[in-house]
Amino acid sequence: MMRRVYMDHAATTPLDPAVLDAMLPFLKSEFGNPSALYAEGRRVRSALDEARDQVARAIGAKDPGEIIFTASGTEANNLALRGVLTEARRSGAGDHLVVSGIEHQSVLETAKALADEGFRVTYVPPGPDGIVAPQRVLQSVTSGTVLVSVMLANNETGTLQPVAAIADACKGRGILVHTDAVQAAGQVPVDVEALRVDLLSLSAHKLYGPKGTGALYVRKGTSLRPQMTGGGQELERRAGTENVAGIVGLAKAIDLAVQTMEERTKRLRVLSDMFLSEVMRRIPDVTLNGHATERLPGVVNLAFPGVDGESLLLNLDMHGVAASTGSACAAGSVEPSHVLTAMGFADRARSSLRFSFGRDTTADDVEYVVDVLERLVKRLRKG
Ligand code: PLP
């Protein structure tokens, strides 16, 4: 059988067996509705409470009541933007949203939908290094600005964003700050106090947890209008019977991610540095997209001028290597990366690929991928 090397951990990660073990009771015997008052329900409620505690602790939230479980990172981002903006309009607090131009589609498309509904939206571009400067964010705010949303780490380039500095700049002005920490969580320390954010999004499947589970941290006192109406679940902020197994899985996954972070990310950094330096040494004319050091330990986005990224991706797949042209949602579409385009490199967008490493990636995998890449790039450049 052909060797397979999975280099797309930023798209999703495999489920950790320990996470599966924690989830199984809630898919088998513990079927009670957590809102029910009898014993079967109370047992499940207590698992839910514990999961909320664990997630709160993992991100430094003071009160577990600040965590709202959602069905995805996408839903968490939707709830953050829509929840804050619609409430602000209702109360007359303002109608202006500021987002960076390199956000995930779940933020950008929500911003676009809000603009269609009459909200004012400003997009802040990054610099050529992929970093959104706090100063540029500040230049975009007005007296009607309600919310600023800038991701903690970009999913295509892995570039880390100065969210704490952005939050500091906004704070004196009474503007709320949201960060999409879906890619950053488990890779770099995520602490809502250190970041000084009011809202923060998480997703379980980027952390060796299950797909279809996310969470939104909402700082106590933040006015948020529920987007899913119905029963009183999630402290009246997100109706619907909770996905208990998924939530328990998210909590276990983020807990394990925090415990293992130091060692795991040190290893990832060594592997991705090795990959980068070997590619640069053996393949001419390759550039790293995004900031060289301010980036996630396991994400490397490279431009191979003269090579069509999609052809390279398909050829890599034929040689057993799974990589990505950028975000999973954009994969399959012919749209060039909005992130690289916003950074001023539209020309590179069609010849760039993202390689993202995970805890099972080995030095041997890295060598294999570099070998394959060297051969393929040479062949594709010859045309
Ligand atoms: N935000 C970022 C930065 C992401 O990379 C992703 C997933 O690709 C999401 C949000 C969406 O998360 P989910 O897949 O749980 O909807």
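The values are calculated or read from the model by the stated rules, or taken from the named source; none is laboratory data. Note that the coordinates shown come from a computational prediction; the quantities given were computed from them, not determined experimentally. Cβ atoms come from the backbone with ideal geometry, glycine included; neighbour counts cover every protein chain shown.
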State whether the residues of segment 57-65 include one that is assigned to a loop (DSSP other than H, G, I, E, B) and within 16 Å of the ligand (Cβ to nearest atom).
yes
Among residues belonging to segment 1-36 that are more than 16 Å from the ligand (Cβ to nearest atom) and among the small types (Gly, Ala, Ser), point out the one that is surrounded by the most Cβ atoms within 10 Å (Cβ to Cβ).
Ala22
Could you please let me know if Gly249 is within 16 Å of the ligand (Cβ to nearest atom) and either aliphatic (A, V, I, L, M) or not in a strand (DSSP E or B) (or both)?
yes
So Ile247 ticks every box in (1) surrounded by fewer than 21 Cβ atoms within 10 Å (Cβ to Cβ); (2) in contact with a strand residue (DSSP E or B) (Cβ under 7 Å, 6 or more places away or on another chain) but one. Which box is left unticked?
(1)
Check Lys211 against each of (1) touching a His at 6+ places or on another chain (Cβ under 6 Å); (2) under 30 Å from Pro125 (Cβ atoms); (3) surrounded by fewer than 19 Cβ atoms within 10 Å (Cβ to Cβ) and name the one condition it does not meet.
(2)
Which residue out of Glu75, Glu87 is acidic (Asp, Glu) and within 24 Å of Gln183 (Cβ to Cβ)?
Glu75
Would you mind finding the one in Gly130, Gly83 that is within 25 Å of His291 (Cβ to Cβ) and either within 16 Å of the ligand (Cβ to nearest atom) or under 20 Å from the mean Cα position of the chain (by Cα) (or both)?
Gly130
Kindly evaluate Thr110 against the criterion of being touching a Phe, Trp or Tyr at 6+ places or on another chain (Cβ under 9 Å), hydroxyl-bearing (Ser, Thr, Tyr) and in a helix (DSSP H, G or I).
no
Ala257 passes all but one of the listed conditions (1) part of a loop (DSSP other than H, G, I, E, B); (2) within 17 Å of the chain's Cα centre (by Cα); (3) away from the ligand (no atom under 13 Å from the Cβ); the exception is number (1)
Taking segment 66-98 and keeping only residues that are among the charged types (D, E, K, R) and not in a helix (DSSP H, G or I), one is left with Asp95
Checking the structure you have, find out if any residue of segment 207-215 is farther than 19 Å from Val44 by Cβ, under 17 Å from the mean Cα position of the chain (by Cα) and among the small types (Gly, Ala, Ser).
yes
Can you tell me how many residues in segment 314-340 are within 15 Å of Thr159 (Cα to Cα) and modelled with pLDDT of 70 or more?
4
Evaluate segment 334-354: report whether one residue or more is in a helix (DSSP H, G or I), of a type in the set (A, V, I, L, M, F, W, C) and touching a Phe, Trp or Tyr at 6+ places or on another chain (Cβ under 7 Å).
no
